[in-house]
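**Student:** This is the structure I want to talk about, given as structure tokens.
Where a number appears in this text, it was derived from the coordinates with a stated rule and is not lab data. The shown structure was predicted, so the numbers you read here are calculated from the model rather than taken from an experiment. Backbone-built Cβ (ideal geometry, glycine too); neighbour counts: all protein chains shown.
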């Protein structure tokens, strides 16, 4: 049976990069059928929403979702535009967010004296609770006493399962090291719970070395000493911020792939580049599609087609090493489609 893939291009450059990812998947011979999902911020003017009310019901029959990007403030408020994204993560219990950050050969690093693969980290981000929990409210709106409250909600179950997943990921890697990112010197309830769970779970993984680091120190060390990190585990907000920084130090947002997974496969998992919709360059054909293509490779690996996932990854690395075809963000003049064509040729 072919894998049923929902292609959800979204806004801005999303349709352009998803089209290249699909082109590469088809060229690799991946056994997939594709259904185009045409939901984006243009729906907001008609319905007040950016996806239909039953969008989760429509998506739940797929094996995976390949997302482009959501958001265009000219059409809809950003906090409305991203609701389908957050809804998929929570509704499909995609509690693991995986964001690799690898400095590949042929890519310019903004940090001095960094060689290919000096930076090779895997960031595991808790994806369904923490700081992004939709608990809180606005009170006394429009008055001098207006107040806003946003609740950070951490459960022992949610914290334990993401930390355990991160330990298991670290166990499979050569260095077998895990760094836990926290802020327990200031967030005395949520992050102290996180630290306590970290210590408990670590007992089950004596072969994995681990350490804890405050998030502000981690931000500094991502720039100062990124080579010290192997696997990193962090909360929803901390992971979101740190992985943007990680993307920049490996060459830019155009290289930043990600997976939002439900490990039990009870629901579809979702794969996306972590760059935004970049409406300023949408339609110009100059967006870097590599993050979307690498997200598609992560999708195949998760679904079980490891052979084609490796082939795509190798083609991308060959493309980067040769650096003959580069989009403007890499200092070149190639079109988005030309990058896809080059990777297809290498397959």
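**Student:** Give the shape of the range 52-167 as rounded, prolate or oblate, defined through the alpha-carbon gyration tensor: a ≥ b ≥ c are the square roots of its eigenvalues, a/c under 1.5 means rounded, and otherwise the shape is prolate if a/b is larger than b/c and oblate if not.
**Tutor:** It is prolate, given that a/c is not under 1.5 and a/b is the larger ratio.
**Student:** Please arrange 220, 299, 213 by counting, for each residue, the other beta carbons lying within 10 Å of its beta carbon, fewest first. Don't skip to the answer; put the middle values down first.
**Tutor:** Details: 220 12, 299 29, 213 19.
Result, fewest neighbours first: 220, 213, 299.
**Student:** Relative contact order, percent, of the range 1-90 when contacts are C-alpha pairs under 8 Å separated by at least 6 residues?
**Tutor:** Rounded, it is 40 percent for the range 1-90.
**Student:** Next question, about the same structure. Take 23, 265 and order them by how many other Cβ atoms sit within 10 Å, fewest up front.
**Tutor:** Numbers: 23 18, 265 13.
So the ranking, lowest neighbour count to highest, is 265, 23.
**Student:** Would you mind classifying the range 137-195 by shape? Square roots of the alpha carbon gyration tensor eigenvalues, ordered a ≥ b ≥ c; an a/c under 1.5 is rounded, otherwise it is prolate if a/b is larger than b/c and oblate if not.
**Tutor:** prolate
**Student:** Where both partners of a DSSP beta bridge lie in the range 120-249, what percent of those bridges are antiparallel, to the nearest 5?
**Tutor:** Here the share of antiparallel DSSP bridges comes out near 30 percent.
**Student:** Can you give the FRET efficiency to the nearest 0.05 for residue 150 and residue 4, using r as the Cβ-Cβ distance and R₀ = 35 Å?
**Tutor:** Details: r = 36 Å, r/R0 = 1.04.
Efficiency, from the Cβ-Cβ distance: 0.45.
**Student:** Counting helices only, and only those DSSP H runs with n ≥ 4, report the 222 nm mean residue ellipticity of the chain as the sum of -39,500 (n - 2.57) divided by its residues, in deg cm²/dmol to the nearest 500.
**Tutor:** Working: 12 runs with 132 residues, N = 347.
That comes out to -11500 deg cm²/dmol.
**Student:** Let me ask you something else. If we count other beta carbons within 10 Å of each Cβ, what is the order of 151, 192, fewest first?
**Tutor:** 151, 192
**Student:** Once you keep just the Cα pairs under 8 angstrom separated by 6 or more residues, what percentage relative contact order results for the chain?
**Tutor:** Details: 718 pairs, mean separation 83.3, N = 347.
With pairs under 8 Å counted, the relative contact order is 24 percent.
**Student:** Once you have a ≥ b ≥ c as the square roots of the Cα gyration tensor eigenvalues for the range 163-239, tell me rounded if a/c is under 1.5, and otherwise prolate or oblate according to whether a/b is larger than b/c.
**Tutor:** Judged from the Cα gyration tensor, the range 163-239 comes out oblate (a/c at least 1.5, b/c at or above a/b).
**Student:** Could you state the principal axis extents of the C-alpha atoms in the range 120-249, from the largest down, to the nearest angstrom?
**Tutor:** Computed over the Cα atoms, the extents are 57, 32, 23 Å.
**Student:** What fraction of the DSSP beta bridges in the chain is antiparallel, stated in percent and rounded to the nearest 5?
**Tutor:** Close to 40 percent.
**Student:** Follow-up question, since we're still on this one. If you average the sequence gap of Cα pairs under 8 Å that are 6 or more apart and divide by the length of the range 120-249, what percent do you get for the contact order?
**Tutor:** 38 percent
**Student:** Still on this structure, please answer the following. If one computes the Cα centroid of the range 1-62 and of the range 302-334, what distance in Å separates the two points?
**Tutor:** Cα centroid of the range 1-62 versus Cα centroid of the range 302-334: 22 Å apart.
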